[in-house]
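Okay, so here's the structure we're looking at.
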Amino acid sequence: MTHVFALFAIHADASEPFVRYIRGEWHSLARLQRDLIATDLLEQKTDAGHTLLCRSTRLFVALDFWTTHEAYLRASRSAECQALLLQRRIWANSAFEFGAFEHPRLQELYDSVAQSAISQSTTAIGSAPALPSASSRCATRNRQPSRDEGLTATTTVPSMRARNMAK
């Protein structure tokens, strides 16, 4: 999935009609774009004195979710999609598209995580797991070996009496 981020500076008087337009008519038009999954609109929330813009300007970020990067490129070259995106920009004093972003490739992440796990496990290996010590004085009993597809394992667990004594 490709995420396209665009920043819009909207005059305060036009911010409410802009939001209504995006959530209403623009969404209806955007549904005609087959590969546009959804659009989300976020408004900057800051303290009154904490903005680089004049107080009469509101900032919005539009997040467009496209099926693939190729679908986004194909659609953005079409006259229909260009007209749709232009409709948003008309409302803005200024607009800036940050571009298309995708999550990092899963295979690259998997490779780095796997390599890290391998290096950690080779440093941790060196001694066999320790059996419970005789000094723990917990009575144990052997359960019948379990068999699963040709594998045999014996499980030793503390007896009920030993568990109750530990409490």
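Among the residues of the range 47-66, not one is over 19 Å from F98 (Cβ atoms) and either at pLDDT 85 or above or touching a Pro at 6+ places or on another chain (Cβ under 8 Å) (or both). Checking S136 against (1) surrounded by 10 or more Cβ atoms within 10 Å (Cβ to Cβ); (2) modelled with pLDDT of 85 or more: exactly one of these is not met. Which one? Condition (2) is where S136 drops out.
Might you let me know whether the range 4-19 holds any residue that is modelled with pLDDT under 85, aromatic (F, W, Y) and over 12 Å from A92 (Cβ atoms)? Talk me through it step by step, then tell me what you get.
First pass over the range 4-19, keeping only residues modelled with pLDDT under 85: none.
The answer is no; no qualifying residue exists.
Is it the case, given these coordinates, that A83 is aliphatic (A, V, I, L, M), surrounded by 12 or more Cβ atoms within 10 Å (Cβ to Cβ) and on the phi < 0 side of the Ramachandran plot? It is false that A83 is aliphatic (A, V, I, L, M), surrounded by 12 or more Cβ atoms within 10 Å (Cβ to Cβ) and on the phi < 0 side of the Ramachandran plot. All conditions but one from (1) in contact (Cβ under 8 Å) with a residue 12 or more places away in the chain; (2) more than 23 Å from the chain's Cα centre (by Cα); (3) surrounded by fewer than 14 Cβ atoms within 10 Å (Cβ to Cβ) apply to T68; the one that does not is (2). Within the range 26-47, which residues are surrounded by 11 or more Cβ atoms within 10 Å (Cβ to Cβ) and in a helix (DSSP H, G or I)? Selection gives W26, H27, L29, A30. Considering the conditions (1) under 13 Å from A100 (Cα atoms); (2) touching a Lys or Arg at 6+ places or on another chain (Cβ under 8 Å); (3) free of Cβ contacts under 8 Å to residues at least 24 places away in the same chain, Q44 is excluded by exactly one of them, (1).
The values are calculated or read from the model by the stated rules, or taken from the named source; none is laboratory data. In this text the structure is predicted, and so the values were computed from the model without any measurement. Don't worry about glycine lacking a Cβ; one is built from the backbone with ideal geometry, like all the others, and counts go over all protein chains shown.
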